[in-house]
Amino acid sequence: MDFSSLPDFAESADQRGIGIIAPFDLALERELWRWVPAEVSLHLARTPYEPVPVSRAMAELVSNTSHLQAATRDVLHVEPEVVAYLCTSGSFIRGVEHERELVQAIMAAGAKSAVTTSGALAEAVTALNINRISVITPYDAELTELLAKFLGELGVTVVRTDHLGLGGGIWKVNYRTVAERILAADTADAEAIFVSCTNLRTYDVIDPLERLLGKPVLTANQLTIWACLDRMSLPMMGPGRWLRDVFGGGT
């Protein structure tokens, strides 16, 4: 066979990987891909199905360290540079020290580097020097209060909380509802708004609401992926003007 007529193929940049450990109910893979540059691939593994509604009980089940370690091993064959536990409630449920234990468990399973969503939140409030924040969640009151307690351990005062009280179907909440709840959660003394849950759509509301409010709007998927890219020394992608000022990168 004559191969001489084949064109010269331009070689693309080497693929770089992020391993993602997601709760079984994640439905926003398409949003995740919007946060990464072209050379980055996301490799997903899921925690086992748990027949319980979104609640403290679910958060405890999906953060079981044996499940996280099994999921980590599932993605190691494709050599991710960092493994992220993509779950806010599962990583704040037992406080700051437990979040660190989750990172260590993922590393012990073989990850080169590891991050959790709540750990990424901690890094962001530190980098932005945020002391007072408003929080909205799709959870019930108990989980929302545990998030406020986690932030309190970081020295951040939660000045207002709002929660949707959903036991499931969080990915179905539309942008208008998310935007309205963000606006309602804002207060004059809040230095930023944090929107919790990696299963809540937020990508397209961040830029317009940051312009409207004049303060950072931080979201779970945004912070998780940006923390991964920071560890990979890659530019930040997607909306978030204040975070770009700290970490660099562009849209």
Using a 1.4 angstrom probe on heavy atoms only, work out the carbon and sulfur share of the accessible area of region 165-251 in %. 50 percent
Simple Cβ-charge dipole of the chain, Lys/Arg +1 and Asp/Glu -1, about Cα centre, in debye nearest 20: 460 debye
Total charge dipole magnitude, region 186-251, about the Cα centre, Cβ charges on Lys, Arg, Asp, Glu only, Debye to nearest 20: 200 debye
Once Lys and Arg get +1 and Asp and Glu get -1 on their Cβ, which of A220, G90, V205 lies farthest toward the positive end of the dipole of region 80-236? V205
Taking amide H positions as placed 1.01 Å from N in the peptide plane, with prolines and chain starts having none, which residues 5 or more places from Y85, or on another chain, fall under 5 Å of its amide H? I21, V115, T116, T117
Provide, in order from the shortest bin, the percent of all Cα-Cα pairs of region 127-219 in each 10 Å bin, continuing until the bin that contains the maximum pair distance. 17, 53, 28, 1
Which one of W171, T137, M237 has its Cα pushed farthest toward the positive end of the charge dipole of the chain, where Lys and Arg give +1 and Asp and Glu give -1 at the Cβ? T137
Determine the equivalent ellipsoid of region 176-234 by diagonalising the alpha-carbon gyration tensor, then write out the semi-axes as square roots of 5 times the eigenvalues, largest first, rounded to whole Å. 22, 13, 10
If the only charges are +1 at each Lys and Arg Cβ and -1 at each Asp and Glu Cβ, what is the size of the charge dipole of region 127-219 around the Cα centre, to the nearest 20 debye? 180 debye
Size of the chain along its principal axes in angstrom, Cα-based, largest extent first? 70, 41, 31
Bins of 5 Å, starting at 0 and running to the largest distance - Cα pair percent for region 50-145: 2, 13, 22, 22, 18, 13, 7, 2, 0
If one computes the Cα centroid of region 75-90 and of region 1-67, what distance in Å separates the two points? 8 Å
Ordered by residue, what ³J(HN,Hα) values in Hz, to whole numbers, does region 56-68 give under the Karplus form 6.51 cos²θ - 1.76 cosθ + 1.60, where θ = phi - 60° and Gly and Pro are x? 4, 4, 5, 4, 5, 5, 7, 9, 4, 5, 5, 5, 5
Evaluate the relative contact order of region 127-219 (contact order divided by residue number), counting alpha-carbon pairs under 8 angstrom at least 6 apart; express in whole percent. 34 percent
Taking the simple approach of a point 7 Å from Cα along Cα-to-Cβ for both Y49 and A184, what is their distance in nm? 3.3 nm
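The values are calculated or read from the model by the stated rules, or taken from the named source; none is laboratory data. All values derive from a computational prediction rather than experimental measurement. Cβ: placed from backbone, ideal geometry, glycine included. Neighbour counts: every protein chain shown. The area values use the complete protein model at the heavy-atom level, side chains included, leaving out ligands, DNA and RNA. Shrake-Rupley method; radii C 1.70, N 1.55, O 1.52, S 1.80 Å.
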